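Heads up: the structure comes next, in structure tokens.
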Amino acid sequence: MTTDTPPDRLATNPDSPHYDEAALARGVGVRFKGVEKNNVDEYCVSEGWVRLAVGKTLDRKGNPVTVKLQGEVEPYFRDDGQG
């Protein structure tokens, strides 16, 4: 089922329970506090936070190092539902 609203919570890490390959394949953009962000690793609209990757640094398990920020999260599909 395809919807025009991205999931409330989405992660780019396949090991996360919030990973959604179909949504990611469609292309999800995120505005955080009104600013377009291209380094979002995970977000939650209802709780109002994003996890942003910090540079190219990896933790000891090989995952990106992230920082969690609170604020208004606006996800959207980049393809505008066309396709």
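Rule-based calculations on the coordinates, nothing more; no lab input. None of these values were measured; they are calculated from a predicted model. Glycine gets a Cβ as well: all are built from the backbone with ideal geometry, and neighbour counts include every protein chain shown.
Listed values (i) 35, 22, 14; (ii) 21, 15, 11; (iii) 49, 17, 8 include one computed from this model; for semi-axes √(5λ) of the Cα gyration tensor in Å that value carries the label (ii). Work out how much length residue 46 to residue 58 would gain on full extension: take 0.36 nm times their residue separation and subtract the Cα-Cα distance, in nm to one decimal. Result: 1.5 nm gained on full extension. Counted by Cβ distance under 14 Å from residue 46, the other residues give a net charge of -4, where Lys and Arg count +1 and Asp and Glu count -1. Its relative contact order, with pairs defined as Cα atoms under 8 Å and 6+ residues apart, puts the chain at 32 percent. Of all DSSP-defined beta bridges confined to the chain, some 95% are antiparallel rather than parallel. Net charge dipole, the chain: roughly 420 debye, given to the nearest 20, about the Cα centre with Cβ charges of +1 for Lys and Arg and -1 for Asp and Glu. Spin-label model, residue 79 to residue 13: label points 7 Å out along the Cα-to-beta-carbon direction sit 2.7 nm apart. Each of residue 69 and residue 23 was given a label point 7 Å from its Cα along the Cα-to-Cβ line. The distance between the two points is 2.0 nm.
Of the peptides 43-51, 31-39, how do they stack up when ordered by the mean number of other Cβ atoms within 10 Å, highest first?
Working: 43-51: 17.1, 31-39: 12.4.
Ranking, from highest mean packing down: 43-51, 31-39.
Taking θ as phi - 60° and the Karplus parameters 6.51, -1.76 and 1.60, the scalar couplings of region 15-23 work out to 7, 7, x, 9, 6, 9, 4, 4, 5 Hz in sequence order, x denoting glycine and proline.
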